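The values are calculated or read from the model by the stated rules, or taken from the named source; none is laboratory data. As the structure is a prediction and not an experimental result, all values here were calculated from the model. Note that we place each Cβ from the backbone using ideal geometry, even for glycine, and neighbour counts take in every protein chain shown. For the accessible areas, the whole protein counts, side chains as well, though only heavy atoms, and no ligand, DNA or RNA atoms are used. Shrake-Rupley method; radii C 1.70, N 1.55, O 1.52, S 1.80 Å.
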Amino acid sequence: MSSRTELRPRRAAVFSLHTSPLEQPGTGDAGGLNVYVVRTSAKLAEMGTEVEIFTRATSSDIPPVAQLAPGVTVRTLLAGPFEGLDKNDLPSQICAFAAGAMRVEARHDPGYYDVVHSHYWLSGQVGWLARQRWGVPLVHTAHTLAKVKNASLAAGDTPEPMVRVVGEEQVVAGADRLVANTEFEAAELVGRYDADPDAVDTIPPGVDLDRFTPGDQAAARARLNLPADAVVLGFVGRIQPLKAPDVLLKAAAELLARTPSLRDRLVVLVVGGPSGTGLERPRVLQDLAADLGISDVVRFLPPQRGDDLAAVYRAVDVLAVPSYNESFGLVALEAQACGTPVVAAAVGGLPVAVGDGVSGVLVPGHGTGQWADALGSLVQNPRRRAELAAGTTAHAARFSWERTAEALLDTYARAKMAFDASPRIEEVTA
Ligand code: UDP
């Protein structure tokens, strides 16, 4: 029997304090983390590890216990008011959330959970306590890191607060194993957070290759009411300065200034809802499009799900991911799985998510001219677009949630060994 099978947890407690797996990603605080938690939990359950996801109630409509998939339960805990708290207020609710999680566990026999996996630092704080109270290993995935984010802020964006920096440092020190999306993130954990390099596992996220498949572009455009013969540039994601959708709009305006005849053919499709500091100005992109004189070219859609989202990826000729920072960039992978090339900023995990010159183009900055050059070379050159499109699905197929979940099981096994070898709480405090 392999050590992975011997040490495979029967049941994992997954903490996702600040955002629920039941929420629609693409707006507010719901994004890649939610998709990651949903997809990995479903795969872990298929592989024999039951998963209970703990999250915080943000509405009275959400039942305290819900079945998300076979073997995956979502426990929604009361911790603070349903409304009125944004992510920066949530450190005040860590204790209430932890108390709720402790109550759930106390209703079971000891040893009910074999491992705790926390997502984002707020959950990591609760995981840190659960590790000690329940005597189980803690695995932590940061998803984004304050020090990394603060090192590459969009102009005028608010830096992440010190409480998060300190909280992340504590969780990095307190976890038995850390999961990084890419080698880049692993190096940041070591370099900026003093993580033990031997305690970090690099596990790339996956993509749903059944949902995101190449398909008929004309049908996708008809579904979205987009002209069949247009050149469509897309943006999919939470609308906030960090994601830099403004870079796409400015580049599109620059392209139109360079080649006015493009105006009859160019469409910029922006999909997603306001998030983070973007909530303060929910119509910022509409205003920018008007200021740039390109309102006629830009179309906006609210967050899309399922087949509608796949249709968006199929409908666009190129997906732009101009983010200032991106732990990975799932949308890039999803677009490529649908056969669509990606132009992305060469930051964070995007150089892994996008095959530069193979399935897309990496841009080493955020300048309007640079982005107009990169997008223009594809807008004006259908052959180049087709060449890159030909490389997309093979690149995306290198990633799958099944592989991510298998690697997580290895990490859980290593975490158990690390936990068993670590000093007991009585020894630490004696
Ligand atoms: N997403 C969605 N509908 C939308 C926009 C985004 O379901 O309208 C999902 C998208 O499929 C992806 C996730 O939100 O899986 C965004 O993840 P990504 O890693 O790109 O960015 P994050 O939100 O984590 O910063």
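Between helix 120-134 and the chain there is an angle of about 20 degrees, using the helix long axis and the longest principal axis of the Cα atoms. Here the chain is assigned +1 on the Cβ of each Lys and Arg and -1 on the Cβ of each Asp and Glu. Its dipole about the Cα centre then comes out at about 540 debye. For the set LYS43/LYS147; LYS43/LYS149; LYS243/LYS416; LYS149/LYS250, the pairs lying more than 28 angstrom apart at their alpha carbons are LYS43/LYS147; LYS43/LYS149; LYS243/LYS416. Relative to the longest principal axis of the Cα atoms of the chain, the long axis of helix 368-379 makes an angle of roughly 70 degrees. With Rh defined as the Kirkwood radius, the inverse of the mean 1/r over Cα pairs, the Rg/Rh of the chain is 0.98. Across region 1-134, the mean sequence separation of Cα contacts (distance under 8 Å, 6 or more residues apart), normalised by length, yields a relative contact order of 30 percent.
The Cα-based radius of gyration and maximum Cα-Cα distance (Dmax) for region 126-272 are 21.4, 67 Å. Residue-normalised convex hull volume from the C-alpha trace of region 287-430: 189 Å³ per residue.
Kirkwood hydrodynamic radius of region 313-367, from the reciprocal of the average inverse Cα-Cα distance over all distinct pairs: 10.7 Å. Per residue, the average separation of C-alpha pairs within less than 8 Å and at least 6 apart gives region 80-164 a relative contact order of 23 percent. Taking 0.36 nm per residue of separation and subtracting the current Cα-Cα distance, fully stretching the chain between ALA219 and ASP89 would add 42.4 nm.
Candidates ALA222, ALA12, PHE97 compared by Cα position along the dipole of the chain: farthest toward the positive end lies ALA222, with charges placed on Cβ. Rounded to the nearest 10 degrees, the angle from helix 32-46 to the longest Cα principal axis of the chain is 60 degrees. Diffusion of region 211-344 by Stokes-Einstein, at 10 °C in a medium of 1.306 mPa s and with Rh set to the Kirkwood radius over alpha-carbon pairs, works out to 107 µm²/s. Using the Cβ of GLU52 as centre and a radius below 14 Å, the other residues enclosed give a net charge of +2, where K and R count +1 and D and E count -1.
Just checking the listed ones, SER261, SER359, SER377: in the Gaussian network model of the chain with Cα springs under 10 Å, the one fluctuating most is SER261. The mean of 1/r over all pairs of different alpha-carbon atoms in region 119-200, once inverted, gives a Kirkwood hydrodynamic radius of 13.0 Å. Placing unit charges on the Cβ atoms of the charged side chains and taking the dipole of the chain about its Cα centre, the candidate lying farthest along the positive direction among GLY234, GLY365, GLY135 is GLY234.
Overall, region 1-66 carries a charge dipole of about 280 debye about its Cα centre when +1 sits on the Cβ of Lys and Arg and -1 on the Cβ of Asp and Glu, all other atoms neutral.
The trypsin sites (Lys or Arg not before Pro) found in region 1-109 that occupy coil by DSSP, while having at most 16 further C-beta atoms within 10 Å, are ARG10, ARG107. For region 201-250, the ratio of Cα radius of gyration to the globular rule of thumb 2.2 N^0.38 Å stands at 1.56.
For region 219-358, the fraction of 1.4 Å probe accessible surface lying on carbon and sulfur atoms is 50 percent. Work out, in µm²/s and without decimals, the Stokes-Einstein translational diffusion coefficient of region 23-155 at 4 °C, 1.567 mPa s, Rh from Kirkwood over C-alpha pairs. Rounded, D is 82 µm²/s.
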